[in-house]
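Participant: This is the structure I want to talk about, given as structure tokens.
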Amino acid sequence: MHVIIAGNCEDSGQESVKRIRTETGNNKVEFIYLELASLQSVRQFVEHFKARNLPLHVLVNNAAVMLVPQRYTEDEFEEHFGVNYLGHFFLTHLLRDALRQSGSSDYSSRIVTLSSATHYIGEINLNDLQSRTSYSSHGAYAQSKLALVLFSYQLQQRLAAEGSHITSNVVDPGVVNTDLYKHTTWLFKLCKWLSSWLLFQTPSQGASTVIYAAVSPSLEGSGGFYLANGQKVKSADISYNEDLQRELWNQSCKLVGIREACDQAS
């Protein structure tokens, strides 16, 4: 199995590569730089990946910023929306042909997109997706997480309609003890430090449902699900609104410059 770790920190990425190689004995593990805050970086990553002529059986969309102050990516997207959502949207689009070629009627390729329970309180403002008129770090983060659920469901519909052997599911990994909380208040950080052993999952525990979505035989050929704690659960009611899914999809296509996908019927 060839594993590619994508990330915007070379040092930590290479450390992960070394650890995986040591623990598993699999030397087919490598790091490729990817900055989701830059559409150009996403394009370059895809070029580097395709140059290797490797199959792509599983794509895990797992990167995020949380509660950052109001700021924008180099493409002028609000950072939560740009990194958490649009970067993954664009990356998935550019890799769909590789996923198609790797999937078969016996073993579908899989797209696993990580969201969170925060999506339940998220709202999509189609008239101000970049939160320029009124910014709340909590609101922007929740919007990006809801957008990922809407995207995952709409993607599954489109994949099924075109007859692709690819599935799309969305995962809630739970509350995991990672560096994602570095922009929270000092009081929250203190509480996290005191209670993480009780309230937070370890990264390994948080990865369990992601692994389930990526390799479980019980999900073979099945997509369009929200998965938490290793099982299918109901996501927010608004996430099943197909009109909202399509409108967000269409606006996203225009934002990243892939109008041909925007014009595709669902």
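Participant: Report, to the nearest whole %, how much of the accessible area of segment 1-100 belongs to carbon and sulfur atoms, 1.4 Å probe, protein only.
Facilitator: 48
Participant: Still on this model: At a probe size of 1.4 Å, how large is the accessible area of Glu242, to the nearest 10 Å²?
Facilitator: Surface accessible to solvent at Glu242 totals approximately 80 Å².
Participant: What figure in square angstrom, to the nearest 10, would you give for the accessible area of Thr118 with a 1.4 Å probe?
Facilitator: The accessible area of Thr118 comes to roughly 40 Å².
Participant: What figure in square angstrom, to the nearest 10, would you give for the accessible area of Lys50 with a 1.4 Å probe?
Facilitator: Here the accessible area works out near 80 Å².
Participant: While we're on this one: How far is it, in nm, from the label point at Asp97 to the one at Arg21 when both lie 7 Å from their Cα along the line to the Cβ?
Facilitator: Here the modelled spin labels are 3.1 nm apart.
Participant: Okay, moving on. Once Lys and Arg get +1 and Asp and Glu get -1 on their Cβ, which of Ala98, Phe77, Gly7 lies farthest toward the positive end of the dipole of segment 1-140?
Facilitator: Ala98
Participant: What distance in nm separates the two pseudo spin-label positions at Asp106 and Lys50, each 7 Å out from Cα along the beta-carbon direction?
Facilitator: 2.8
Participant: What whole-number volume per residue, in cubic angstrom, does the convex hull of the C-alpha atoms of segment 23-126 give?
Facilitator: Residue-normalised Cα hull volume stands at 164 Å³.
Participant: Mean 1/r over all different Cα pairs, inverted: what Kirkwood radius does segment 79-176 give, in Å?
Facilitator: Mean inverse Cα-Cα distance, inverted, gives 14.3 Å.
Participant: Just the number, please: Stokes-Einstein D of segment 1-73 in µm²/s, Kirkwood Rh from C-alpha pairs, 25 °C, 0.890 mPa s.
Facilitator: In µm²/s, the coefficient rounds to 179.
Participant: Separation between the Gln231 and Asp128 pseudo-spin-labels, each 7 Å from Cα along Cα→Cβ, expressed in nm?
Facilitator: Using points 7 Å along Cα→Cβ, the separation is 4.1 nm.
Participant: Could you tell me which of the pairs Lys18/Lys50; Lys50/Lys232; Lys18/Lys232 are separated by over 29 angstrom between their Cα atoms in the structure shown?
Facilitator: The pairs that break the limit, which is 29 Å between Cα atoms, are Lys50/Lys232; Lys18/Lys232.
Participant: Measuring from centroid to centroid over Cα atoms, what is the spacing of segment 205-236 and segment 35-84 in Å?
Facilitator: First find each Cα centre; the distance between them is then 23 Å.
Participant: As an exercise, use a Förster radius of 22 Å and the Cβ-Cβ distance of Tyr135 and Asn241 to find the FRET efficiency, rounded to the nearest 0.05.
Facilitator: 0.35
The values are calculated or read from the model by the stated rules, or taken from the named source; none is laboratory data. Note that this is a predicted model, so its numbers are computed, not measured. Glycine gets a Cβ as well: all are built from the backbone with ideal geometry, and neighbour counts include every protein chain shown. Side chains are part of the model used for accessible areas, which takes the heavy atoms of the whole protein and leaves out ligands, DNA and RNA. Shrake-Rupley method; radii C 1.70, N 1.55, O 1.52, S 1.80 Å.
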